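In what follows, a single structure is set out as structure tokens and then discussed.
The values are calculated or read from the model by the stated rules, or taken from the named source; none is laboratory data. Predicted model only: the values in this text are computed from it and were never measured. Ideal geometry is used to build each Cβ from the backbone, glycine not excepted, and the neighbour counts take in all protein chains shown. SASA here: full protein model, heavy atoms, side chains in, ligands and nucleic acids out. Shrake-Rupley method; radii C 1.70, N 1.55, O 1.52, S 1.80 Å.
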Amino acid sequence: MNEVRVGVFVCHCGTNIGGFLDVPGLAKYALSLSNVVFAKDNQYTCSEAGLTEIKNAIDEKKLNRVVVASCTPRTHEPLFRSTCKDAGLNPYLFQFANIRDQCSWVHMQDRDRATEKAKALIRMGVARAVLLEPLEETEVEVNPCALVIGGGITGMTCALSLANRGFEVKLIENEDRLGGTLNSLYKLYPTHEEASRLVQEKTKEVEKNPKIEVLTSSEVKEVEGFVGNYDVTVRQGEKERLFKVGVIIVATGAETLKPVGMYGYDGKTFVTQLELERMLKERRLNADTVVIIQCVGSRNEKRAYCSKVCCLTALKNAMLIKEANPNAQVFVLYRDMVTQGTKYEDYYGKARETGITFIKYSPERQPVVENKSVRIYDELLGEELSLPYDLVVLSTPMVAHNDSTDLAQKLKVPVDENGFFLEAHVKLRPVDFATDGIYVCGCAHWPANVSESISQAYGAASRASIPMSVGHVKTEPLIPVVDEDECSGCGLCELTCPFKAIQVEETEKGRKAKVIAASCKGCGACGAGCPQRAITMRHFTNEQLVAQVIALAEVTP
Amino acid sequence: MVEKPKAVLVIGGGIAGIQAALDLGDMGIKVHLVEREPSIGGRMAQLDKTFPTNDCSICILSPKLADCFRHPNITLHTISEVKNVTGQIRDFSVKLRKYARFVKENECINCGECAAKCPVKVPDEFDMRLRKREAIYPYYLQGVPAVMTIDRENCLYLTRGVCRICEKFCTINAIDFEQKDTDATLHVGAIIVATGFDPFDPSGIPQYGYKRYRNVITSLEYERLICASGPTGGHLTRPSDKKPAETIAFIQCVGSRDLKNNRYCSSVCCMHATKEAMLAYEHDPKVKSYIFYMDLRAAGKGFQKYVARGEQEYNISYIRNRVAKITEDRNENPIVWYEEPQSSKTEKMTMDLAVLATSLMPRKGVEELAKVLGVELDEYNFFKTDPFNPLDTTKSGIFVCGCCREPTDIPESVAQASGAAERAAEAVMR
């Protein structure tokens with residue numbers, strides 16, 4: 001590279017900066033710094049006039065580095081980068097000096113010292129700009145085929161939607177038939193339509209869709225690769241098959257806790273809700289007095305969470321018991337009735353009207369099952385009651401599948417403390433994983449009812465369809481570079497990387513770390529942790545950062 | 001040659017509409033995102049923090065606002081309303097009314113010189129009327145598009161024909177009083193409705209004293225009060241005397257689970273009350289909060305743990321009770337009255353501030369929109385859906401997500417928004 005020629009543009013941002021700092025003084029100061037060949041202050045650097053000025057200066061003053069001292073890169077870096085690009089300068093030769101959010105806005109009371117701080121920020125910006133290098137984005141192709149793991153209502157919905165959009169889908173199911181948890185349910189709240197009808201309808205649609213290949217009695221054995229290019233080995237009995245897919249969706253559902261050792265659970269007189277569903281479905285319920293106990297094995301120390309669907313399941317089954325046997329007495333012992341949303345408060349009301357008795361208990365005074373009766377302290381009445389029973393139904397929570405951690409390890413995605421899959425961001429990325437190209441929906445993520453599971457299935461389909469629709473993914477140019485001579489192959493970077501974007505491989509020179517550009521987010525964790533200092537972060541090299549620190553330490557001339 | 005997929009119309013620029021638009025845009029489908037207000041962001045932009053992580057709401061939202069604004073496939077139509085829709089799935093014709101901003105959107109740089117000179121002062125709706133703004137104003141600090149807007153109802157020139165002082169002080173001539181309301185026709189293949197919610201007005205429950213007592217406020221007002229960019233700069237002070245609030249009552253189910261108002265549960269209030277109480281404690285560890293609830297509904301991921309943290313680390317007491325009434329003492333301290341269930345005795349507690357967790361209701365004007373779209377609403381005026389087809393309205397090609405279909409927290413709204421985008425993509429690409 002020839003002579004480094006830096007241009008500095010200092011913005012008044014109306015009075016936002018201009019009102020609190022000596023902006024013309026800053027521009028004059030910038031011009032005194034080495035390598036700076038042009039400096040100017042503008043009322044608004046981001047206005048059309050300001051941007052044109054940058055472009056003209058790049059051209060006329062032969063600038064090969066641009067520093068803008070203004071608001072914040074959060075909102076304006078993309079704009080200034082593209083302005084540089086328009087003028088023929090590589091956008092990564094642009095540097096921000098944040099003198100508004102990090103200076104004028106926080107030091108409004110002290111103009112002189114704030115101006116000195118702004119000088120330091122500009123000095124640091126110029127020092128780094130001098131060492132910046134041009135970078136290029138590259139692209140990786142995406143295989144337009146999705147692997148959906150789990151053939152319940154969630155997985156089927158997701159697979160169908162993607163197939164309808166024209167993508168190939170491989171649908172993997174553990175059991176020997178599609179349907180998942182719904183195969184064990186009788187009727188569904190709030191409409192009381194039969195679960196089997198919904199399953200049959202979806203199964204039929206899936207089976208006749210030419211874009212979907214269903215593999216039952218199958219499981220994922222091995223996953224290699226990255227977004228757009230996953231190699232998945234699926235085991236089906238003795239056979240193994242290799243699929244090349246672009247994206248993977250986890251829709252493995254959850255299971256219901258078997259309350260072994262709790263409240264005398266025996267599967268006969270003391271049953272789970274699932275076992276009750278089967279009794280109702282097979283019309284072999286024979287009980288005149290039924291006590292239903294909520295929060296069995298949940299909201300306790302071992303499983304602190306509320307499983308969300310059990311209150312409604314209890315309401316539904318209590319009503320179905322009354323339907324089957326109008327003379328039955330049904331008691332529901334609950335802690336908090338969770339009937340959220342517009343459809344379920346009325347459903348709760350309907351259950352009350354059918355004569356079901358609701359008794360609130362507190363965790364300090366749990367129900368006690370005795371030989372002929374359940375003893376319970378009614379929190380609202382303030383009295384202890386003794387309820388006779390023919391049948392006791394235990395509402396147990398949904399728990400993660402035993403092998404969810406195993407699958408998570410194969411996919412290199414995280415699970416939470418309860419074994420449910422952990423999404424990329426609790427609020428804004430509920431069906432994404434931090435790793436690109438892998439998604440989650442339904443009860444694999446958290447207990448959800450059928451309606452929520454279907455919504456999430458479509459949501460995950462949408463997210464998964466994005467890289468497949470575009471056909472390629474752009475790779476981050478700010479990725480680490482491994483110096484193979486320095487790398488000792490220790491693998492610390494592989495352990496540190498949250499995105500599965502660096503891994504140690506055998507090479508001619510021995511075990512060396514290799515960066516998977518398509519998966520890398522440029523976070524820098526690998527570089528920071530490398531004991532050999534063999535990893536250099538592009539755009540944030542040690543030299544660039546050290547130059548900034550030295551510039552900060554320099555005394556203002 | 002394959003026919004190019006039709007565009008999709010998204011009505012509502014809150015987090016649900018934004019997410020739906022971004023997903024579709026990223027798939028390569030053109031999107032028209034219509035927002036009634038001058039900037040997108042919706043209710044989420046008004047929140048201070050979000051449960052259960054206490055992430056700053058605007059901080060996690062604003063990158064999405066910028067993404068929407070810059071997205072090559074998304075066209076933003078702010079201060080705009082859908083006036084008429086004809087046609088059917090894959091072939092809708094939409095008449096859009098675009099109201100004049102009286103500020104040139106491509107030229108205004110949001111410097112605020114105009115507002116500094118504007119003589120008008122009116123209550124600011126974004127800050128829940130807790131602060132005054134000018135007639136030329138930014139909808140909110142981080143709003144997108146980041147431009148000023150002239151409020152036609154209050155501008156002196158537009159109402160009385162005199163003033164135009166903003167025009168004189170605008171250094172880049174971005175004010176344009178000649179702008180007219182315009183109509184545009186859009187051709188789209190599918191429509192997503194994401195119009196969100198309005199809070200219930202608790203003056204309909206006179207025994208809670210809202211508007212009669214200055215220190216009885218709503219949750220959304222509280223969110224603005226405790227927000228650093230809000231009317232008090234984030235200082236949690238009582239409206240009556242600006243003293244710090246140290247004992248706070250959070251009253252749940254105000255207008256919800258209420259036979260006289262909304263029978264349904266608003267789903268998010270148990271959690272946002274917990275969050276709001278936590279934030280008060282974070283601002284000042286002297287704060288003691290009481291949450292008066294009926295059933296604690298903490299069923300989402302990490303919610304029970306969040307509540308437990310509130311009790312153990314943030315000085316929050318949960319009291320299972322429906323508050324009967326609120327009165328006030330001579331120092332304007334709200335007094336919360338309730339019946340102790342086991343003894344049936346009437347109890348009362350004196351507070352510095354009472355916060356009403358108001359029900360989430362469909363937006364005003366939603367009936368008209370439903371009529372325009374030709375879709376059905378449910379008995380509460382939420383968009384009607386089937387539990388097993390949860391994102392489809394009653395009309396083919398029109399989909400729905402977020403709080404306009406049912407009160408829903410942010411993660412679920414976002415998942416639904418992506419889901420509605422998927423349904424719309426299926427519709428236009430088939």
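Put the Cα centre of segment B:360-430 next to the Cα centre of segment B:264-287 and the gap is 28 Å. Figure legend: label point modelled 7 angstrom from the Cα of A:Asp403 along Cα→Cβ; residues of segment A:123-155 with amide N under 14 Å from it are A:149-151.
For segment B:174-319, the tally of Lys pairs with Cα-Cα distances below 19 Å comes to 10, considering only residues 8 or more apart or on different chains.
Note that segment A:318-390 presents 45 Å² accessible area per residue, ligands and nucleic acids not counted, probe 1.4 Å. For A:Ala513, the amide hydrogen comes within under 5 Å of the amide hydrogens of A:Gly489, A:Glu505, counting only partners 5 or more places away or on other chains and with H modelled in the peptide plane. Per-atom-type breakdown for segment B:366-430 gives carbon and sulfur 42% of the accessible area (1.4 Å probe, protein chains only).
Ranked from largest to smallest solvent-accessible area, with a 1.4 Å probe on the protein heavy atoms, A:Lys119, A:Lys302 come out as A:Lys302, A:Lys119. Shape class for segment A:452-557, computed from the alpha carbon gyration tensor (a ≥ b ≥ c): oblate, with a/c not under 1.5 and a/b at or below b/c. Within chain A, DSSP assigns beta bridges of which about 45% are antiparallel (rounded to the nearest 5). Phi angles across segment A:75-88 convert, under the Karplus curve 6.51 cos²θ - 1.76 cosθ + 1.60 with θ = phi - 60°, into 3J(HN,Hα) values of 9, 10, 4, x, 5, 5, 4, 6, 5, 4, 4, 4, 8, x Hz, Gly and Pro given as x.
The mean number of partner chain beta-carbon atoms within 10 angstrom of a residue's beta-carbon across peptide B:383-395 is 4.
DSSP assigns beta bridges within chain B; of those with both partners inside it, close to 55 percent run antiparallel. Could you tell me which of rounded, prolate or oblate describes chain B, using a ≥ b ≥ c as the square roots of the eigenvalues of the alpha-carbon gyration tensor, with rounded for a/c under 1.5 and, failing that, prolate when a/b is larger than b/c and oblate otherwise? Oblate is the answer for chain B, as a/c is 1.5 or above yet b/c matches or exceeds a/b.
If you take the Cα centroid of segment A:147-175 and the Cα centroid of segment B:182-202, the two points sit 31 Å apart. Tell me the GluC sites (Glu not before Pro) within segment A:64-138 that lie in a loop according to DSSP and have at most 16 other beta-carbon atoms within 10 Å. Answer in residue order: A:Glu136, A:Glu137.
When shorter helices are ignored and each DSSP H run of at least 4 residues is given -39500 (n - 2.57), the per-residue value for chain B at 222 nm works out to -7000 deg cm²/dmol. At the listed q of 0.07, 0.09 Å⁻¹, the Debye profile of the protein assembly as shown, built from one uniform point per Cα, gives log10 I(q)/I(0) equal to -0.68, -1.12. Each Lys and Arg contributes +1 and each Asp and Glu -1, all at the Cβ; summed about the Cα centre of segment A:1-139, the dipole is approximately 400 debye. Heavy-atom accessible area buried between chains B and A is around 5400 Å² (1.4 Å probe, both sides summed).
What FRET efficiency do you get for B:Thr350 and A:Glu384 if R0 is 56 Å and r is their Cβ-Cβ distance, rounded to the nearest 0.05? In this case the efficiency is close to 0.95. With r defined as the distance between the Cβ atoms of A:Gln102 and B:Asn106 and R0 fixed at 22 Å, what FRET efficiency is calculated, to the nearest 0.05? E between A:Gln102 and B:Asn106, to the nearest 0.05, is 0.20.
Is the shape of segment B:156-266 best called rounded, prolate or oblate, per the rule: a/c under 1.5 gives rounded, else a/b larger than b/c gives prolate, else oblate, with a ≥ b ≥ c the square roots of the Cα gyration tensor eigenvalues? Judged from the Cα gyration tensor, segment B:156-266 comes out oblate (a/c at least 1.5, b/c at or above a/b).
Given a cut-off of 16 Å, what percent of all Cα-Cα pairs of segment A:233-272 lie beyond it?
Details: 500 of 780 pairs.
Counting every Cα pair in segment A:233-272, those more than 16 Å apart make up 64 percent.
Inter-label distance, B:Met294 to A:Lys208: 4.6 nm, where each label sits 7 Å from its Cα along the C-beta direction.
Along the axis of the charge dipole computed for the protein assembly as shown (Cβ charges of +1 for Lys and Arg, -1 for Asp and Glu, origin at the Cα centre), the listed residues A:Ile376, B:Val428, A:Ala448 are led at the positive end by B:Val428.
Count the DSSP beta bridges whose two residues both fall in segment B:211-320, then state the antiparallel fraction as a percent rounded to the nearest 5. Kindly include the intermediate steps, with their values, before the conclusion.
On the way: 1 of 11 bridges.
DSSP beta bridges in segment B:211-320 are roughly 10 percent antiparallel.
Per-residue surface analysis assigns B:Met148 an accessible area of about 10 Å², computed on protein heavy atoms at 1.4 Å probe radius. For the residues of A:429-440, the average number of beta carbons from a partner chain within 10 Å of their own beta carbon is 2. The phi torsions of segment B:125-142, fed into the Karplus equation with coefficients 6.51, -1.76 and 1.60 and a -60° offset, translate into couplings of 5, 4, 8, 6, 6, 8, 8, 9, 10, 8, 7, 10, 7, x, 4, 7, 3, 9 Hz, rounded to whole numbers, with Gly and Pro shown as x. Summed over the residues of chain B and divided among them, the accessible surface reaches 40 Å² per residue at a probe radius of 1.4 Å.
Each residue of segment A:421-426 is assigned a 3J(HN,Hα), and the resulting list reads 5, 9, 6, 5, 8, 4 Hz, derived from the Karplus form 6.51 cos²θ - 1.76 cosθ + 1.60 (θ = phi - 60°), x at Gly and Pro. With the cut-off at under 19 Å, measuring from each backbone N in segment A:152-187 to a point 7 Å along the Cα-to-Cβ line of A:Thr354 picks out A:185-187.
On a 1.4 Å probe surface of the protein chains, which of B:Arg160, B:Arg405 comes out largest in accessible area, and what is the full order? Before the final figure, lay out the partial values.
Working: B:Arg160 180, B:Arg405 10 Å².
Largest accessible area first, the residues go B:Arg160, B:Arg405.
The mean sequence distance of close C-alpha pairs (under 8 Å, at least 6 residues apart), as a share of the length of segment A:41-112, puts its relative contact order at 33 percent.
Fully extending the segment from B:Gln342 to B:Glu178 would add 52.2 nm, taking 0.36 nm per residue of separation and subtracting the current Cα-Cα distance.
What FRET efficiency comes out for the pair B:Ile165/A:Glu193, r = Cβ-Cβ distance, R0 = 45 Å, nearest 0.05?
Values: r = 65 Å, r/R0 = 1.44.
My answer for the efficiency is 0.10.
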